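Below: the structure, in structure tokens.
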Amino acid sequence: MPGYPEIVGSDWHTRPVHSPLDPHSPIAAWVDESGSNRALDPHTYILSAAICMAEDVEATRDQMRQLLLPGKPKVHWRDDEDQRHGKVTATIAECSCVEHLVVIRSAGAPSRSEHRRRKALELMLFQLTALDVGPVILESRGRKDGARDHGLLEHMRVKRHLLGSIRMDHSPGPADPML
């Protein structure tokens, strides 16, 4: 789709699909983000979503808590050393209840980071709705940014770009191991 981020991921539904209008969808997503390494991938913005069935969330959180290093509030790729990346990757890969959808926004011309994030989030919300996700939890970036995210969600609903009943919340990263 022109002007939208590229999607990297896999087909997800291996369980029965629920109606996209079901406000009580048992499928939830936790979204994290990353800016680019300006030397390696300039003008790139990455959003990733861990998508999980509600009944599997606590077991997955427990697996993520086991990866916490002493004194660290959360598992964070950037803060880990390269040799630990393999263990983190293997643990997440073993979480059979979690699938990942990665959205990458790569602009040909420079654009503001917030613009790249907004475009990536638009497509992420559209894709998560298509996967029948109900609640979406993003890592909190503050009250003002959270309000901007909710404004985007409402704008997409008004324009009828989202047909499902997706809901959005924000949480501090250290408060939820899924982030």
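Just so you know, all these numbers are worked out from the coordinates, no wet-lab data involved. Keep in mind the model is a prediction, meaning the values are calculated, not measured. Methodologically, a virtual Cβ is constructed for each residue, glycine included, from the backbone with ideal geometry; neighbour enumeration extends over all protein chains shown.
Numbers for the structure displayed
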item	result
3J(HN,Hα) from dihedral phi, the range 151-156, Karplus parametrisation 6.51/-1.76/1.60, rounded to Hz, x for glycine, proline	x, 4, 4, 5, 4, 5
Other-chain or far-sequence residues with amide H under 5 Å of T44's (modelled H)	S36
Cα gyration tensor shape of the range 35-179, rounded if a/c is under 1.5, else prolate or oblate by comparing a/b with b/c	oblate
Global geometry of the range 134-179, whether rounded, prolate or oblate, following the gyration tensor of its Cα atoms and the 1.5 cut on a/c	oblate
Amide H contacts of E99 (H built 1.01 Å from N, under 5 Å, at least 5 apart or other chain)	I51
At most 13 other Cβ within 10 Å, DSSP loop - trypsin sites (Lys or Arg not before Pro), the range 148-178	K159, R160
Which listed pairs, of K74/K144; K87/K144; K119/K144, have C-alpha distances above 25 Å, in listed order	K87/K144
For the range 25-71: rounded, prolate or oblate by the Cα gyration tensor [a/c cutoff 1.5]	oblate
Cut-off under 5 Å, modelled amide H: who pairs with H170 long-range	L138
